[in-house]
Ligand code: ATP
């Protein structure tokens, strides 16, 4: 059956990864029709709007979206894909592929997934002047001051809701069950300092996890966990956490594997999912055809699975694994001298 995928190429170096990968996908899965709604600069030129109602309708009609990293121009489209489509679980697999240049002496067997809550926490964007909160009469638990006792400054609101937390933890438990590897969920928070918010996240996580008798549940404080993840990454299976820690630790996880260019991601809601590399737009290497497209390829493999094209997803993953294990066509971040397009061509040769 035909599938439709919206492609948003992204900014800076991101399109240099996205274009050859979409070409490869077109060969591998000819049943996919790719749509390119004008968003960002092109949207401005054509409709005077970086995210027009037409672009929104194209996303609504498609089965999914493949999104290249943006530095802001496609920000409105990204907001719609996240908050509009309620894609609450940002899934970031971290699996060591032999041949990748990890800084660890023993990266073998690293195979965990970060499930980052994608819609809440400090990322709701409610910030302002402390002056606005002068009406709050309560004394801080740690500083023992009222808001009006601080000098001029700013605040940000951290939102942790019951429904937002329960659904992402449930997603993590289901994922651990589906992976059937260690059958373990690790919850990461700063509940010792932020009892009202992170303590709540942890309490809700415990409650949800208690419904899964076959899944082991454990929790760590985020700073301690950062150290544990580097010392013993093989110990973890599915790791669930609020938005901000997930954002930061995902980049650290990419570093454990050897490059941000290896970190794939998919953002899932109940009715929609979209897929994007976890790294940024790599502006410093834009125009050089050297961005590592592995994250874009592996995000595409997640997308193929979501579309029910499991055979093609497997071929794509196997292609990437073979290219790394051969090791003669690698991008500079992996110690090679090959270009982005040469890497994608090599994956294509190994796929078929
Ligand atoms: P964001 O805040 O949007 O996540 P960032 O500030 O984390 O972005 P990135 O764009 O991810 O920044 O880049 C950080 C560094 O990693 C840069 O030096 C960049 O070139 C490098 N980098 C990121 N992605 C890749 C990639 N796919 N291939 C090679 N290098 C990359």
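Explain nothing, just the number: relative contact order of the chain, from Cα pairs under 8 Å at least 6 residues apart, as a whole percent.
22
Each label point is 7 Å from the Cα along the Cα-to-Cβ direction; what then is the distance between the points at residue 142 and residue 193, in nm?
0.4
Calculate the translational D of the chain in whole µm² s⁻¹ from Stokes-Einstein, where the hydrodynamic radius comes from the Kirkwood formula applied to all Cα pairs, the temperature is 4 °C and the viscosity 1.567 mPa s.
61
Antiparallel DSSP bridges in the range 1-114: what percent, to the nearest 5?
40
Say a paramagnetic label sat at a point 7 Å from the Cα of residue 45, along Cα to Cβ; which residues of the range 59-103 have their backbone N under 17 Å from it?
73-74
Three principal axis extents, largest first, for the C-alpha atoms of the range 293-352, in Å?
Projected onto its principal axes, the Cα set of the range 293-352 covers 35, 18, 16 Å.
Quick check on the range 75-199: take the gyration tensor over C-alpha atoms, sort the square-rooted eigenvalues as a ≥ b ≥ c, and tell me if it's rounded (a/c under 1.5), prolate or oblate.
prolate
How would you classify the range 158-262 from its alpha-carbon gyration tensor, with a ≥ b ≥ c the square roots of the eigenvalues: rounded for a/c under 1.5, else prolate if a/b is greater than b/c, otherwise oblate?
oblate
Label residue 159 and residue 1 with points 7 Å out from Cα along Cα→Cβ: what is the distance between them in nm?
So the two model labels end up 3.4 nm from each other.
Using only the Cα atoms of the range 247-338, what do you get for the radius of gyration and for Dmax, in Å?
Final numbers for Rg and Dmax: 13.8, 42 Å.
Provide the packing ranking of 316-328, 87-99, 289-301, i.e. peptides ordered by the mean count of other C-beta atoms within 10 Å per residue, highest first.
Order by mean packing, descending: 289-301, 87-99, 316-328.
In whole angstrom, note down how far apart the Cα centers of the range 237-314 and the range 203-221 are.
26
What are the equivalent ellipsoid semi-axes of the range 1-123, built from the alpha-carbon gyration tensor (square roots of five times its eigenvalues), in whole angstrom, biggest first?
So the three semi-axes of the range 1-123 are 29, 19, 15 Å.
Points 7 angstrom from Cα along the Cβ direction at residue 132 and residue 151: gap in nanometres?
It works out to 2.3 nm between the two label points.
Taking other Cβ within 10 Å of each residue's Cβ, how do 1, 193, 302, 241 sort, fewest first?
Ascending Cβ contact count within 10 Å gives the list 1, 193, 302, 241.
Within the chain, what percent of beta bridges assigned by DSSP are antiparallel, to the nearest 5?
Counting DSSP beta bridges with both partners in the chain, the antiparallel share is about 45 percent.
No value in this document is a laboratory result; all are computed from the given coordinates. As the structure is a prediction and not an experimental result, all values here were calculated from the model. Reconstructed Cβ throughout: ideal geometry from the backbone, glycine too, with neighbour counts over all protein chains shown.
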